[in-house]
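Let me begin by presenting the structure, written as structure tokens, before commenting on it.
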Amino acid sequence: MKIIVKIFKRYDIVLCQEVHLSEELIKQLVDKISTSSIPYSYKLSDYIGNNSYKEKYLYLYRSNEWKVLKSYEIKKFHDKFFRVPYVARFQNLRKYHISVTLVGCHTHPDNAYEEIKTLLNNVYADIKAKLEKKDRFSFLFNLIYCLSLCISSNYNKPIIIMGDFNASGSYLNKKKQAELDKILENNDLMWGINHTCDTTIATKCNAYNRFVFEVKNKERCIGNTKIYKFDKNFKNMNKDFL
């Protein structure tokens, strides 16, 4: 538990997958992570899955920095996923012109290509359309939007798709990776973690876990993306980990 707490405290927002804990245990975890100056809260999905195996998605976040505007399962494309994506839209409490929509998805290994393709083509387009519709009909938003443009050049509402996509190795060969690269390009999206990265603690090098960003936010919102090797830091107990 101490190791997990130290890892979580590195981040403002964390997506956890394959969760099978009771909500009571999650509350205990949140209490251990939280301090008086940096409190954490969470959003937890129901058990999700269309077969006998089901799991929960969990978002942990610093509640003094962010609030959740909305969280929901994407049921519109339920027939395309073994586990439908779970969305959380976050608003920064200190900078009102900053919000972000996170789309967490754990694809099924045997259906990884089709599920990732649906994420990039359908789920992303659906979420983007909803955000644009909300903005178009919100007078208050338009007022804040105009003011924010005057105050800050960093106004944006990025959508980030993330999770264990099983997007490598035997689950996703190079031909299918290339096909997904083309779909990303057509939708003005980009990998935040590329095909040559290793996101596992196994001996083989596989980029199962991924981030997908909008290209327009590459300079404005993304910054640096990297893989934190917690298993090496756990063994070495180096300064970065402590």
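The values are calculated or read from the model by the stated rules, or taken from the named source; none is laboratory data. Everything numeric here is computed off the predicted structure, so don't read it as measured data. Positions of Cβ are backbone-derived with ideal geometry, glycine not excepted, and every protein chain shown enters the neighbour counts.
May I ask you to list the residues in the range 177-207 that are in a helix (DSSP H, G or I), surrounded by 12 or more Cβ atoms within 10 Å (Cβ to Cβ) and of a type in the set (Asp, Glu)?
In the first step, residues of the range 177-207 are kept if they are in a helix (DSSP H, G or I); the result is 177-186.
Okay, now just the ones that are also surrounded by 12 or more Cβ atoms within 10 Å (Cβ to Cβ), so 177, 179-181, 183-184.
Hits for the range 177-207 are GLU179, ASP181.
Taking (1) out of contact with any Asp or Glu (no Cβ under 7 Å at 6 or more places or on another chain); (2) modelled with pLDDT of 95 or more in turn, SER22 satisfies each apart from (2). Go through the range 19-40 and give me each residue that's without any contact (Cβ under 8 Å) to a residue 24 or more places away in the chain, touching a strand residue (DSSP E or B) at 6+ places or on another chain (Cβ under 8 Å) and within 13 Å of ARG62 (Cα to Cα). Hit for the range 19-40 is SER34, nothing else.
Scan the range 7-19 for residues that are in contact with a helix residue (DSSP H, G or I) (Cβ under 9 Å, 6 or more places away or on another chain) and among the charged types (D, E, K, R) and the total you get is 1. All conditions but one from (1) at pLDDT 90 or above; (2) assigned to a loop (DSSP other than H, G, I, E, B) apply to THR225; the one that does not is (1). When THR35 is tested against (1) closer than 19 Å to ALA88 by Cβ; (2) among the polar types (S, T, N, Q); (3) surrounded by fewer than 15 Cβ atoms within 10 Å (Cβ to Cβ), only condition (1) is not met. Condition first: in a helix (DSSP H, G or I), modelled with pLDDT under 85 and of a type in the set (Lys, Arg). Can you find one or more residues in the range 209-219 that meet it? Scanning the range 209-219 turns up at least one residue that is in a helix (DSSP H, G or I), modelled with pLDDT under 85 and of a type in the set (Lys, Arg).
Within the range 69-106, which residues are within 25 Å of ASN217 (Cα to Cα), out of contact with any Lys or Arg (no Cβ under 8 Å at 6 or more places or on another chain) and not basic (Lys, Arg)? Before the answer, list the steps.
If we filter the range 69-106 for residues that are within 25 Å of ASN217 (Cα to Cα), which is where we start, we get 69-74, 85-106.
Then drop every residue that is not out of contact with any Lys or Arg (no Cβ under 8 Å at 6 or more places or on another chain), which leaves 72-74, 85-86, 92, 94-98, 103-104.
Once the filter is applied, which keeps residues that are within 25 Å of ASN217 (Cα to Cα), out of contact with any Lys or Arg (no Cβ under 8 Å at 6 or more places or on another chain) and not basic (Lys, Arg), the range 69-106 yields TYR72, GLU73, ILE74, PRO85, TYR86, ASN92, TYR96, HIS97, ILE98, VAL103, GLY104.
On the basis of being out of contact with any Cys (no Cβ under 8 Å at 6 or more places or on another chain) and either surrounded by fewer than 18 Cβ atoms within 10 Å (Cβ to Cβ) or modelled with pLDDT of 95 or more (or both), does TYR11 make the cut? Yes: the conditions hold for TYR11. The condition (being among the acidic types (Asp, Glu) and loosely packed, with under 15 Cβ neighbours inside 10 Å) is satisfied by just one residue among GLU55, GLU23: GLU23. Right, VAL30: under 16 Å from the mean Cα position of the chain (by Cα), surrounded by 15 or more Cβ atoms within 10 Å (Cβ to Cβ) and aliphatic (A, V, I, L, M) or not? Considered against the rule, which asks whether it is under 16 Å from the mean Cα position of the chain (by Cα), surrounded by 15 or more Cβ atoms within 10 Å (Cβ to Cβ) and aliphatic (A, V, I, L, M), VAL30 comes out as no.
Cβ-Cβ contacts under 6 Å between residues 6 or more apart (or on different chains), taken from a first residue in the range 4-18 that is touching a residue at least 60 places away in the same chain (Cβ under 8 Å) and part of a helix (DSSP H, G or I) to a second residue that is surrounded by fewer than 16 Cβ atoms within 10 Å (Cβ to Cβ) and not small (Gly, Ala, Ser), are listed as ILE7/PHE230.
So that you can scan it fast, the table gives a plain yes or no per residue for (1) of a type in the set (Gly, Ala, Ser); (2) modelled with pLDDT under 55:
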residue: ASN121; (1), (2): no, no
residue: ALA125; (1), (2): yes, no
residue: LYS134; (1), (2): no, no
residue: SER148; (1), (2): yes, yes
residue: ASN154; (1), (2): no, yes
residue: ILE160; (1), (2): no, no
residue: SER168; (1), (2): yes, no
